[in-house]
Amino acid sequence: MNFSDQLEARFADMLGHYPTKRSVLVPFLLYTQDELGYLTDEAIEEIAQRLDLTALEVRNVISYYSMLRTRPAGKYNVQVCTNICCLLRGGEEILEHARKKLGVAVNKGISEDGVFSVEEVECIGACSWAPAMQVNYDFHENLTEAKVDEILESYRKKAQQ
Amino acid sequence: MAYLVSHPDEVKVISSRFGKGAADIDRYLELDGYKAVQMALQMGSEAVINEVKASNLRGRGGAGFPTGMKWSFVPKESAKPKYVLCNGDESEPGTCKDRLIFEHDPHAVIEGAMIAAIAVNAHKAYIYIRGEYRYLLEIMQKSIADVYARGFAGKNIFGSGYDLDVYWHGGAGAYEVGEESALMESLEGKRGVPRIRPPFPAVVGLWGGPTVINNAETLASVPHIIMMGGQKYADIGTPKNGGTRLFCLSGHLEKPGVYELPMGYNLKKMIYEVGGGISNGRKLKAVVPGGSSTPVLTADEIDIAMDFDSVAKAGSMLGSGGVVVIDDATCIVKFALRTMQFYRHESCGWCIPCREGTDWLNKTLTRFHAGGGLAKDIDNIRYLAENMLGRTFCPLGDAAAMPTIGFVKKFREEFEAHLEGKPCPFEKHGAISQLPVMSH
């Protein structure tokens, strides 16, 4: 399969960082996922071949890292932290609110319009600004239910553009 | 974007450039940036190590190992290349300090890594940033590119004849990778499982070469130490605990935030003065003083100095600087359960006591909190946790066990209050959701 020019450039640059090709693997998987939405069978084969690994070896690595996925997520993946600091400041309520609002089961499925998925995640490093969530890579902190509504609405609008 | 706060008791060393646009290399240079690395080049390896030893700087990742001593363990001669590795896989619940450093002062991390490299005569440094911190990785990528564009990295840095390359690396979501040997596995493109020790990374680390691995905050402190002198830095803190540290105040506080305070600052003052006291007019129940893996302190155990040795004496750990404040409306059983749910999710499964222990404890605590607990469960929880201690390759097993033992020991009556099908005595109640374990 062909990668985009941007991803090819990323790959070539990263290869120069390390004495072994394999070291590229973890960050490059994430960059690939960002472009494709998830790690497809073809992408896994392609990366394995480039790094002199078997597809199985690549899958073994994928299965270890929480952010890597082999199934699609919504265009905007809403990741709500419920770990201790967020728990103390209403993280579970925020998760429940997002789930209801979007009508998606947590950790599985995508909203009917394909726009949203909802994940319960472990600590994202926003402890002093809890409760917090990430939508894809964007942090949203000091959340209230009203703030969550606004944020989700802004992503919904973005998806329609 | 992370928010900045301020308090008059703060001593701003690491945070001295926060909010000043220092991610821009020109601004960093105006603010005395990249002077320390040039001084280090002139001082040479031994003098740099001695300066850091004199500073009493101890590892800010959590273990508190003396940094200068760590560097001195790296063999002078090595057939394999040596490496410096910055651990920016910040993921201990309660900890959000490295995020501020990477956002506001990324060049301090680069400069600190460069000085560490000069100290151990390494020519390559890697800065590993957790996958969730993509915006910070992008800041770091730009910062490294700027450093190369100025000729501060690469061949013959600052005309010294010394070659030094700096690279970024990104993770993809794994708490375990914050453990030093697992981080090396991850950087080598593998699952992040820990390595057996000895040999220690200082002798056999990344790609088999001697490796210094330091937390991002530790490295960001180093240029300041070189600039002000080790002794002056040491004087800010308490004996054997040099300097300042970024404390991440979270939980039920009026003014949560990341504050830079001298080592040894009083915890009670930190909560009631710096953090503005308990929110919503409630009372303090407990404090987790150094990130989720450190044993809980009760409300009457907080009149202590926040340095590594004093907190250890009080039966807990200073850890990663994450101070989690819990009010009297919180159910400790629920808190213990959520803590264990995290460790169960993050256990890499390599060592049986950790893999099975976290799962058993999670199951037991789940049942217990839901009202299905038996009296003997309370001792069983403690017994299980105690049997994980010291029996794993890496400290994740201990990190799960230690807080659990603390919760049972110090809040036994709350566990008892859940017995015989009684509903949780605290207002919020419900089945805790379950994260999938390594299933994708």
Point to revise | Residue within the stretch A:50-71 that is within 18 Å of the chain's Cα centre (by Cα), closer than 29 Å to B:LYS80 by Cβ and of a type in the set (Phe, Trp, Tyr) present | key: yes
Practice item. Any residue in the stretch B:136-160 that's closer than 26 Å to A:TYR137 by Cβ: show its pairings with residues that are among the charged types (D, E, K, R) and open to solvent by less than 80 Å² (accessible area, probe 1.4 Å) at Cβ separation under 7 Å, as long as the two are six or more apart or on different chains. Key: B:LEU136/B:ARG99; B:LEU136/B:GLU103; B:ILE139/B:GLU103
Practice item. Kindly list, by first and then second residue, each pair from a residue in the stretch B:72-83 that is closer than 11 Å to B:HIS123 by Cβ to a residue that is open to solvent by 50 Å² or more (accessible area, probe 1.4 Å) and of a type outside the set (Phe, Trp, Tyr), limited to pairs with Cβ atoms under 7 Å and residues at least 6 apart or on different chains. Key: B:PRO81/B:HIS123; B:PRO81/B:LYS124; B:LYS82/B:ASN121; B:TYR83/B:LYS124
Study note, to complete from the structure: Residue pairs qualifying under the 6 Å Cβ cut-off, at least six apart or on distinct chains, with the first in the stretch B:170-195 being within 23 Å of A:VAL121 (Cα to Cα) and of a type in the set (S, T, N, Q) and the second being part of a loop (DSSP other than H, G, I, E, B) and modelled with pLDDT of 95 or more, are B:SER186/B:GLY192
Exercise for review: Kindly indicate which of A:LEU68, A:LEU56 is at the interface with chain B (Cβ under 10 Å from one of its Cβ atoms) and either buried (at least 21 other Cβ atoms within 10 Å of the Cβ) or of a type outside the set (Asp, Glu) (or both).
Suggested key: A:LEU68
Exercise for review: Could you please let me know if B:GLU51 is in a helix (DSSP H, G or I) and touching a helix residue (DSSP H, G or I) at 6+ places or on another chain (Cβ under 7 Å)?
Suggested key: yes
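Residues checked against (1) touching a Gly at 6+ places or on another chain (Cβ under 6 Å); (2) closer than 20 Å to B:SER186 by Cα; (3) surrounded by fewer than 14 Cβ atoms within 10 Å (Cβ to Cβ):
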site: A:ASP5; (1), (2), (3): no, no, yes
site: A:ALA12; (1), (2), (3): no, yes, yes
site: A:VAL24; (1), (2), (3): no, yes, no
site: A:TYR31; (1), (2), (3): no, yes, no
site: A:GLU35; (1), (2), (3): no, no, yes
site: A:LEU39; (1), (2), (3): no, yes, no
site: A:GLN49; (1), (2), (3): no, yes, yes
Point to revise | Check on A:GLY74, within 26 Å of A:LEU152 (Cβ to Cβ), more than 9 Å from chain B (Cβ to nearest Cβ) and surrounded by fewer than 18 Cβ atoms within 10 Å (Cβ to Cβ) | key: no
Revision key, fill the gap. Reported set for the stretch B:163-176 where residues are assigned to a loop (DSSP other than H, G, I, E, B) and touching a His at 6+ places or on another chain (Cβ under 8 Å) is B:ASP163
Exercise for review: Starting from residues that are of a type in the set (D, E, K, R) and at the interface with another protein chain (Cβ under 10 Å from one of its Cβ atoms), keep the ones in the stretch B:155-179 and report whichever is least open to solvent (accessible area, probe 1.4 Å).
Suggested key: B:GLU176
Point to revise | From B:ASN266, B:ASN280, residue being among the polar types (S, T, N, Q), away from chain A (no Cβ under 14 Å) and free of Cβ contacts under 8 Å to residues at least 60 places away in the same chain | key: B:ASN266
Practice item. Consider B:ALA63 carefully, then state whether it is open to solvent by less than 20 Å² (accessible area, probe 1.4 Å) and of a type in the set (A, V, I, L, M, F, W, C). Key: no
**Study point:** Residues (open to solvent by less than 70 Å² (accessible area, probe 1.4 Å), more than 14 Å from chain A (Cβ to nearest Cβ) and farther than 21 Å from A:PRO19 by Cβ) located in the stretch B:193-207
**Key:** B:ARG197
**Study point:** Check on A:LEU25, in the same structural domain as A:TYR155 (by TED's automatic domain parsing), closer than 21 Å to B:TYR175 by Cβ and modelled with pLDDT of 95 or more
**Key:** no
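Results for (1) among the basic types (Lys, Arg); (2) open to solvent by less than 20 Å² (accessible area, probe 1.4 Å); (3) within 12 Å of chain A (Cβ to nearest Cβ); (4) within 27 Å of B:LEU100 (Cβ to Cβ), shown as yes or no for each residue.
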{"position": "B:VAL324", "(1), (2), (3), (4)": "no, yes, yes, yes"}
{"position": "B:PHE342", "(1), (2), (3), (4)": "no, yes, yes, yes"}
{"position": "B:SER347", "(1), (2), (3), (4)": "no, yes, yes, no"}
{"position": "B:ILE352", "(1), (2), (3), (4)": "no, no, no, no"}
{"position": "B:LEU365", "(1), (2), (3), (4)": "no, yes, no, no"}
Exercise for review: Say whether the condition of being within 14 Å of chain A (Cβ to nearest Cβ), open to solvent by less than 10 Å² (accessible area, probe 1.4 Å) and of a type outside the set (Phe, Trp, Tyr) is met by at least one residue in the stretch B:224-247.
Suggested key: yes
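Every residue, every condition in (1) facing another protein chain (nearest Cβ under 8 Å); (2) buried (at least 24 other Cβ atoms within 10 Å of the Cβ), yes or no:
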{"residue": "A:CYS86", "(1), (2)": "no, yes"}
{"residue": "A:ILE94", "(1), (2)": "no, yes"}
{"residue": "A:LYS100", "(1), (2)": "no, no"}
{"residue": "A:ASN107", "(1), (2)": "yes, no"}
{"residue": "A:GLN134", "(1), (2)": "yes, no"}
{"residue": "A:PHE139", "(1), (2)": "yes, no"}
Check your understanding: When residues of the stretch A:116-128 are filtered for being at the interface with chain B (Cβ under 10 Å from one of its Cβ atoms) and more than 14 Å from B:GLU90 (Cβ to Cβ), how many remain?
Key -> 3
Practice item. Would you please name the residue that is nearest to A:VAL121 (Cα to Cα), looking only at residues in the stretch A:13-39 that are more than 12 Å from chain B (Cβ to nearest Cβ) and in contact (Cβ under 8 Å) with a residue 24 or more places away in the chain? Key: A:GLY37
Exercise for review: For the stretch B:362-389, name all the residues that are free of Cβ contacts under 8 Å to residues at least 60 places away in the same chain, touching a helix residue (DSSP H, G or I) at 6+ places or on another chain (Cβ under 7 Å) and of a type outside the set (S, T, N, Q).
Suggested key: B:LEU365, B:PHE368, B:GLY373, B:ASP377, B:ILE378, B:ILE381, B:ARG382, B:LEU384, B:ALA385, B:GLU386, B:MET388, B:LEU389
Check your understanding: If the Cβ limit is 6 Å and pairs must be 6+ apart or interchain, which residue in the stretch B:102-121 that is closer than 13 Å to B:MET140 by Cα pairs with which residue that is open to solvent by 10 Å² or more (accessible area, probe 1.4 Å) and in a helix (DSSP H, G or I)?
Key -> B:ASP105/B:ARG17; B:PRO106/B:ILE139
Point to revise | Given (1) more than 10 Å from chain B (Cβ to nearest Cβ); (2) more than 27 Å from B:GLY178 (Cα to Cα); (3) modelled with pLDDT of 95 or more, number of the condition A:GLU112 does not satisfy | key: (3)
Practice item. Take the residues in the stretch B:1-10 that are in contact with a Leu (Cβ under 7 Å, 6 or more places away or on another chain) and more than 13 Å from chain A (Cβ to nearest Cβ), then tell me which one is nearest to B:PRO223 (Cα to Cα). Key: B:GLU10
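The values are calculated or read from the model by the stated rules, or taken from the named source; none is laboratory data. If you're wondering where the values come from, they're calculated on a predicted model, not measured in any experiment. Quick reminder, even Gly has a Cβ in these numbers, built from the backbone with ideal geometry, and neighbours come from all protein chains shown. All accessible areas refer to the heavy atoms of the entire protein, side chains included, with ligands and DNA or RNA removed. Shrake-Rupley method; radii C 1.70, N 1.55, O 1.52, S 1.80 Å.
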